[in-house]
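The values are calculated or read from the model by the stated rules, or taken from the named source; none is laboratory data. These numbers come from a predicted model, not from an experiment. Neighbour counts are summed over all protein chains in view; Cβ atoms, including those assigned to glycine, are modelled from backbone coordinates with ideal geometry.
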Amino acid sequence: MNADVGGKMEKTCASCKKIFTPRPAVINQQYCSNPECQKMRKRKWQQEKLATDGDYREAQAKAQKEWCSKNKDYWKDYRKRNPAYTERNRKKQRQRNLLRRLKPEIAKIAKMDEQKAENAITPGRYVLKPVCHEKIAKMDAFIVEIDVISRGCSTAAQRS
């Protein structure tokens, strides 16, 4: 809302909704000078820039990676300094894990192309033979055993 009061244009801040007088040097000023409103302005600008500018997004990712490599213990120290945050985060993770176990169809993370259990091959022994076979006798068929490996390949490697 814009209002002309005594020759001065007043606006409503897009963040706190309070009336303010824009600075003449700032074209189309939408936020008042309150530090919290200025943080909101910068946050919105950065979100828009990240969403629309690939070069900016790439530069930010590179800067983040460099900062993390220089501050390797930051999160470990942060968790030590903020035990309430750490405990809250652990509780929320336990809830997410429980939801994932109870309702896997709801709590999928990002496996859109995973094989469904009902479509999986049942473990057991099978005859493996070529589909196109020129010979009449099936002398080159193999008997194979198929096992389900749920965590890594260590069990399969041990059998070999």
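Key figures for this structure:
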{"read-out": "Contacts under 7 angstrom Cβ, first residue in region 74-101 being over 26 Å from Gln64 (Cβ atoms), partner surrounded by 10 or more Cβ atoms within 10 Å (Cβ to Cβ), 6 or more apart", "value": "Leu99/Ala107; Arg100/Ala107"}
{"read-out": "Among (1) at pLDDT below 95; (2) surrounded by 10 or more Cβ atoms within 10 Å (Cβ to Cβ); (3) over 27 Å from Gln47 (Cα atoms) - the single one Glu87 does not satisfy", "value": "(1)"}
{"read-out": "Test for Tyr78: is it in contact with a Cys (Cβ under 9 Å, 6 or more places away or on another chain) and over 30 Å from Pro22 (Cβ atoms)", "value": "no"}
